[in-house]
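Working notes, beginning with the structure itself.
Bear in mind that the values in this text are calculations on the coordinates, not laboratory data. Please read these numbers as outputs of a predicted model, since none were measured by experiment. Here Cβ is always computed from backbone atoms with ideal geometry, including for glycine, and neighbour counts include all displayed protein chains.
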Amino acid sequence: MPRVLSSLLSPRLILPLAVVIGLYVRLLPNLLHPGLPAVSDAAYHVRLVEQAVRHGRLPAVDSLSNAPEGRRTARELPVGLYAIGALAHRGLSALGSKDLRWNLALLVALCGGLIALPVWLGTRAAFGNSAAASLATLCAVMIPAHLGRSYGFWLRYDALGTLLAVTHVALAMMTISSSQPRQRLALAAAAAFCLVAAVWVWRVSFIVLALELAFVVYRFATRGPEPALRDLWVAIALIGTPAFATIEYLRARGFVLSPPWLFAIGLAIALCVPRLRASRALRVGAISAVATLAVALGWSHIPAGYAGLGTLVPARLGLVRGHDPVAVLMTEVQELGGIPLWMFAGSQELFVLGAWLLAAPALFWWLAGRPRPGRWSLAPAAALLALVTAGLGAGTLLFERASVLLAPFTAMTLGGLGARLAHASVPASAPAARRGHKSPPRGRRLRRGLAVALALSAIATCAAGIDQALTSGSSVQPAQEEAIGFLRDHTPRDAVILSLWDAGYDIQARAARATAMDGLLESDENRRRIFVFDSALMAPTPEPLEALCSRYHARWFLVPPLPYIYTVAAVAGDPIAAKIERGEELRVGIDTERVLYHLMEADVPVPRFRLAFQSAGYRVYEYVPPQ
């Protein structure tokens with residue numbers, strides 16, 4: 001029986017099977033509902049890939065964003081997805097597949113399925129067990145947190161970015177667990193290149209870099225400049241420094257000269273100093289000196305909070321008082337919402353595996369023979385996995401989006417836990433084992449029972465993933481689609497459209513018209529425009545809105561139904577937001593004296609704004625400037 005099980009869990013069988021399953025499940029919505037539209041973020045990304053295909057490269061200025069000036073996309077965003085998407089389309093077109101949307105769906109789904117490879121490598125490096133790696137691989141491709149952000153119909157950074165980031169960590173784990181110098185150097189270089197590629201595709205990859213930096217600092221301070229650790233971090237510093245300097249959005253912010261990266265470079269140098277092996281105090285002093293020097297040299301390049309997260313994190317922790325439009329705006333984005341700890345144990349993202357992840361430290365400690373504090377040590381690869389998983393778990397509690405990165409590491413951790421539960425005996429360091437006693441029958445039965453429960457939980461989570469795939473899809477509200485169609489068919493091609501930010505991407509993609517603002521909340525300029533626009537909409541008179549129409553050369557305004565007024569009021573800090581949140585009715589003539597309310601309800605005419613089209617709650621107004 002063990003031989004049969006070993007054959008079934010062979011990587012030659014499991015890896016191709018897991019990739020195929022992952023690919024198929026991620027394409028299920030496309031196969032069940034052909035012609036799914038690209039909406040919101042996906043519409044924006046598809047449009048930019050189309051530009052890259054049409055022009056051979058992404059144009060320097062995107063004329064449909066932040067009109068009338070346009071947006072320099074590469075200075076605001078990582079553009080790797082668009083280059084790789086265009087390359088994949090050209091390759092598939094040469095093979096006969098000419099449909100861009102389908103080719104991009106294949107790319108996204110394949111990236112989601114390929115997550116099986118780094119999960120297998122990482123689990124094998126951390127636990128030294130091929131069966132654990134195979135079990136983790138089968139589970140990883142089906143965990144809803146990753147599956148839900150890598151469907152073929154939803155072109156996003158997540159699938160490709162997660163694949164590259166997890167591959168980087170898996171290669172890093174293999175590097176620090178290898179005893180062969182030449183192999184370490186090759187693995188370290190490969191890990192560094194994967195990190196660069198991940199950052200080129202997805203900014204969220206910097207979370208992994210930050211966690212790894214913390215790991216290197218701790219390991220260096222407590223264990224000294226281990227050769228494997230040195231090889232890994234020196235390769236990252238040597239390859240990352242020139243590569244990051246060529247990525248435009250990093251170069252625009254002076255990332256290479258910023259304190260975090262200068263500290264990373266200084267740490268790489270410190271790892272190469274033999275004298276620091278002798279004393280922990282010397283190493284701690286060296287780390288402190290490097291940090292101080294990095295801050296002093298990079299003070300003028302301290303990076304601003306990405307997408308307002310520097311403000312949102314304190315707001316999420318309850319450390320901000322008063323109205324902060326950045327925090328309010330970011331809170332309206334579902335993915336930037338947090339997950340309470342009590343929900344984490346059974347959340348949609350990890351399903352029942354969330355509870356196992358929370359219990360994993362205690363279970364590993366128990367399996368290790370319940371060692372005393374300070375005597376329980378982990379192998380380097382397992383320690384890195386533990387830190388990255390814990391860090392991403394904490395990040396998910398603050399921001400739901402981090403769960404897409406957490407899912408593969410959850411599979412690695414629980415795959416190793418399952419193998420230990422099924423096969424572990426009391427280690428030699430445990431008191432009973434030192435006395436020559438075997439593990440008691442009750443302990444063996446408990447471990448096996450837990451192993452079965454974990455396996456059933458994994459199966460239930462995979463079933464939840466399949467159910468999610470069968471019911472997922474994308475759609476556009478018919479009334480909004482009709483309004484956007486009116487803009488496409490009845491406005492000049494060079495028209496600039498005003499709308500709430502969350503409709504910007506769809507207007508650009510479906511109407512092929514420029515918008516003054518859109519959903520790129522990472523952009524400081526875009527956020528500034530949203531704040532000014534929302535304040536103008538909450539004004540009692542239309543003069544501020546008219547001024548914005550003139551500034552942006554906008555002649556058309558897409559107005560959504562009345563419920564959308566809450567978000568605008570909240571960002572603008574208008575008192576009616578609190579009343580709406582409490583479910584109170586707005587007082588006519590007092591609370592309703594807002595330009596946006598009048599445009600949404602058409603209860604009284606707003607000077608210079610002529611109603612041109614209406615479909616259900618959506619209205620299109622034409623701004624008629626003074627002669």
Review point. Mind listing the phi-derived Karplus ³J(HN,Hα) values for the range 255-269, rounded to whole Hz, using 6.51, -1.76 and 1.60 with θ = phi - 60°, and x for any glycine or proline?
Key: 4, 4, 9, 7, x, x, 6, 4, 5, 4, 5, x, 5, 4, 5
Review point. Mind checking the angle between helix 380-398 and the chain's longest principal axis? C-alpha axes, 0 to 90 degrees, to the nearest 10.
Key: 30 degrees
Review point. Measuring from label point to label point, each 7 Å out along Cα→Cβ, what is the Leu87 to Gln627 span in nm?
Key: 5.8 nm
**Study point:** Only Lys, Arg (+1) and Asp, Glu (-1) charged, at Cβ; the chain dipole about Cα centre in debye
**Key:** 3800 debye
Study note, to complete from the structure: Whole-percent tail of the Cα-Cα distance distribution for the chain, cut at 44 Å, equals 27 percent
Check your understanding: What's the percent breakdown of Cα-Cα distances in the range 550-627 across 10 Å bins, shortest bin first?
Key -> 17, 47, 30, 6, 0
Exercise for review: Using Cα pairs closer than 8 Å and at least 6 residues apart in sequence, work out the relative contact order for the chain, in percent.
Suggested key: 16 percent
Practice item. Give me the number: length gained by fully extending Tyr218 to Asp524, i.e. 0.36 nm times residue separation minus the C-alpha to C-alpha distance, one decimal in nm. Key: 106.7 nm
Check your understanding: Which three semi-axes in whole Å describe the equivalent ellipsoid of the range 478-623, each the square root of 5 times a Cα gyration tensor eigenvalue, listed largest first?
Key -> 23, 17, 15
Point to revise | Rounded Å value of the spacing that divides the Cα centres of the range 531-576 and the range 61-96 | key: 30 Å
Study note, to complete from the structure: So the angle from the long Cα axis of helix 181-201 to the longest Cα principal axis of the chain, reported in degrees to the nearest 10, equals 10 degrees
Check your understanding: If the chain between Cys272 and Trp299 were fully stretched, how many nm would it gain, using 0.36 nm times the residue separation less the Cα-Cα distance?
Key -> 7.2 nm
**Study point:** Length-normalised contact order of the range 207-304 in % [C-alpha pairs under 8 Å, at least 6 apart]
**Key:** 36 percent
Check your understanding: Got the relative contact order for the range 478-623 handy, in percent, Cα pairs under 8 Å and 6 or more residues apart?
Key -> 26 percent
Point to revise | Charged-residue dipole, Cβ positions (Lys, Arg, Asp, Glu), the range 51-123 about Cα centre, Debye nearest 20 | key: 160 debye
Revision key, fill the gap. Non-local residues with an amide H under 5 Å from the amide H of Ile497, with H modelled 1.01 Å from N and Pro and chain starts lacking one, are Ala514, Thr515, Ala516
Review point. On full extension of the chain, what length is gained from Leu13 through Trp365, given 0.36 nm per residue of separation minus the C-alpha to C-alpha distance?
Key: 123.5 nm
Practice item. Measure nothing but the geometry: give the 0 to 90° angle between the long axis through the Cα atoms of 403-423 and the longest principal axis through the Cα atoms of the chain, rounded to 10°. Key: 20 degrees
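Local charge sum around Glu601 (other residues, Cβ-Cβ under 11 Å, Lys/Arg +1, Asp/Glu -1)?
With Lys, Arg at +1 and Asp, Glu at -1, the neighbours total +1.
R0 = 30 Å: FRET efficiency of His423 with Leu378, Cβ-based, nearest 0.05?
Working from the Cβ atoms, E equals 0.95.
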Exercise for review: Just grab the label-to-label distance for Ala289 and Arg493, each label 7 Å out from Cα along the Cβ direction, in nm (one decimal).
Suggested key: 6.5 nm
Revision key, fill the gap. Applied in sequence order to the range 612-621, the curve 6.51 cos²θ - 1.76 cosθ + 1.60 (Karplus, θ = phi - 60°) yields integer Hz couplings, x standing for Gly and Pro, of 9, 7, 8, 9, 6, x, 8, 10, 10, 10
